[in-house]
Amino acid sequence: MPKHTRLIELELENFTSHRRLAVNYGRITRLSGRNGVGKTSIGTAPVWVLWSTDLFGSKFNPSPVNYEFDRVFASLLLEVDGVQIKFAREINEKGTNAFYINDVPTKAKEYEAAVASLFDRDEFLSLYNPQHFFGLHWTKQREMILRYTTPPAKQEVLKHLPEPQAAKLDELLKKHSLDDLAKIHGGTGGQKSKLEKANIAAQSRTKTLQEQLALMGSEPDVDPATAPQDIAKIDAAIAEIEQSMSGADENNRKIVALQSKIKSLLEQRDRMKQQFQTLQSEPIADACRVCKQPLQGEAVEAAKADKERRIDEFKREYDAIVAQRKEAEAELAALEYIDVSEKLDEIRRWQEAKQALQDAIRAKEDRQKLEAQVEQARADEAATLASLKESIFILDTIKAYRAKEAELQAEKVQSLFTTLSIRLFKYVKTTDEWEPDFSIQMDGKDYAVLSAGEKIAAGLELAEVLHKQSELITPVFIDGIESYTGRVAVYDQLITGRAVPEQELKIETEGK
Ligand SMILES: Nc1ncnc2c1ncn2[C@@H]1O[C@H](COP(=O)(O)OP(=O)(O)OP(=O)(O)O)[C@@H](O)[C@H]1O
Ligand SMILES: [Mg+2]
């Protein structure tokens, strides 16, 4: 927007009730006359020329409805930052629009672009027509009020926060914007919700491990440092016993072997005793054992001798068996059975002790491992909790910052007004946050309920703030000023419409 806009001259042809009219604006231009003389139409015409709307931004057609006309025409000579420019809009006989810039016919697009390059419609209308602002949507109203008010500076807001919050945020804001911080820590994918889950998981892990530890029973009374020495001692004791037992086996096997040998020799002796009886009682054969011829003299002798010989042979054999047995008996007598069962018991006891020791060491190691896991889980739990607290702290701080920022901004904006009270935020209980909002009131009353004069007063105060804040100077049109009894501050150019009974249209100007 140009800093300074002035209305110089308006020309109307067949514009509502005006068949032909020219207005040369002064610093103050007073329009007066009875109802229907066309005061509002004159105020509307500049807006129609520029945007084809009425004073409130609604589409507007000024074509006369009650008399014949060839064309509707309005031209507006403006001075924009010291440079004059003339805009003109025409509705010709065919009902089509034509446009002129400095009397040069111009295409609709170019015309619109030229107007848009100079003015923001809502901004111009809010300044030109003080009532226009109140017809805007609250988001637009809010945006316009805040457009020219710089938000409170970061350091200014931080100054009002408690020291730990201010220090934390000051540090964080060096890397991220407030919105980004809110996204990082809050919301569904944010740190806070992640850490809440992580903390719950860590808690349950700690609990599970602690339960496992409780199930392990009391801690075994064993010193892992000295236990290997104890085991070595046991191994040495077992080795010593085994060493002492090493000859016993062979000795005992020999005894068993001798005992069975003696037993079998005795049995053989008993069998031979019986055989000997049979041999002795055997008759001397009197016939040849081969040819069955009766034996004679010498032959009988020979048979006798043969029997003798066989008896002798048998006796020798018998004696040998007896001698063998005696020898074995003598050998057995020299041996002594060595009893190892006690030693084996002793070894078993040592092995049991060793096993118990090893079990205790393993149990102790398992326990220590689990204790370390519990410790780690507790540390994880504490770490996630600390991070979670940090995230919550940051989110609270962001909230506090925003609330304070909103409060300071609201104060700042409010300080611009004298009778109007402006609300920029509303407190939302569910989110515990101040959300953007907008309302404007006069003495606790909404615009809609104000009287005609109060509406003008509210509009003027608002336009004054907009003028001051934007540092834009535009003409102001106050219509229906007869119902307003207050003071009018004139920035530069003022146009008023006043209903005066029984008076034809009068246009009075004051100043240049
Ligand atoms: N399109 C139109 N064609 C013809 N006459 C119109 C048209 N639109 C409005 N008028 C008439 O033009 C006249 C001027 O209207 P305008 O609103 O400018 O009067 P005013 O001076 O502001 O009156 P008031 O004091 O009641 O506000 C009125 O009589 C109105 O009925
Ligand atoms: Mg009027």
- [ ] Using label points projected 7 Å from each Cα along Cα→Cβ, tell me how many nm separate Gln441 and Asp312, to one decimal.
- [x] 15.9
- [ ] Taking only protein heavy atoms into account and a 1.4 Å probe, give the accessible area per residue of the chain in Å².
- [x] 58
- [ ] First select every other residue whose beta carbon is under 12 angstrom from the beta carbon of Lys207; then total the charges, Lys and Arg +1, Asp and Glu -1.
- [x] 0
TODO: Treating only the Cβ atoms of Lys and Arg (+1) and Asp and Glu (-1) as charged, compute the dipole magnitude of the stretch 401-445 about its Cα centre; round to the nearest 20 debye.
DONE: 80
Open item on the list: I need the shape label for the stretch 246-339. Rule: rounded when a/c is under 1.5, else prolate if a/b > b/c, else oblate, with a, b, c from the alpha carbon gyration tensor.
Closed with: prolate
Open item on the list: Just want the answer: with Cβ charges of +1 for Lys and Arg and -1 for Asp and Glu, which residue in Trp350, Leu395, Gln376 is farthest toward the dipole's positive end in the stretch 348-403?
Closed with: Trp350
TODO: Whenever you get a sec, compute what percent of the accessible area on the chain sits on carbon and sulfur atoms (1.4 Å probe).
DONE: 52
TODO: Putting +1 on Lys and Arg Cβ atoms and -1 on Asp and Glu Cβ atoms, find which of Ala489, Gln409, Gly444 reaches farthest to the positive end of the dipole of the stretch 355-512.
DONE: Gln409
Task: Percent of Cα-Cα distances greater than 18 Å, calculated over the stretch 287-430 - done: 84
Task: Accessible surface of Trp48 - all protein chains present, 1.4 Å probe, nearest 10 Å² - done: 0
- [ ] In Å and from the alpha-carbon atoms only, list the Rg and Dmax of the stretch 78-154.
- [x] 16.8, 60
Open item on the list: Taking loop as defined by DSSP and a crowding limit of 10 other beta carbons within 10 Å, which trypsin sites (Lys or Arg not before Pro) in the stretch 344-437 fit?
Closed with: Lys429
- [ ] Please give the calculated 222 nm ellipticity per residue for the chain, where each DSSP H segment of at least 4 residues contributes -39500 (n - 2.57) and the sum is spread over every residue; nearest 500 deg cm²/dmol?
- [x] -18500 deg cm²/dmol
Open item on the list: Under the 0.36 nm per residue contour assumption, what length would be gained going from the current alpha-carbon distance of Lys273 and Val256 to full extension?
Closed with: 3.5 nm
Task: Ratio of Rg to Rh over the chain (Cα coordinates, Kirkwood Rh, two decimals) - done: 1.77
Open item on the list: Among Leu173, Thr5, Gln274, whose Cα projects farthest towards the positive end of the dipole of the chain, with charges put on the beta-carbon of Lys, Arg (+1) and Asp, Glu (-1)?
Closed with: Thr5
TODO: Rounded to the nearest 0.05, what FRET efficiency do Asn35 and Ala113 give with R0 = 35 Å and r taken as the Cβ-Cβ distance? Could you check?
DONE: 0.35
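The values are calculated or read from the model by the stated rules, or taken from the named source; none is laboratory data. Keep in mind that this is a model prediction, so the values were computed, not measured. Note that each Cβ is placed from the backbone with ideal geometry, even for glycine, and that neighbours are counted across all protein chains shown. These accessible areas exclude ligands, DNA and RNA; they are computed on the full protein's heavy atoms, side chains included. Shrake-Rupley method; radii C 1.70, N 1.55, O 1.52, S 1.80 Å.
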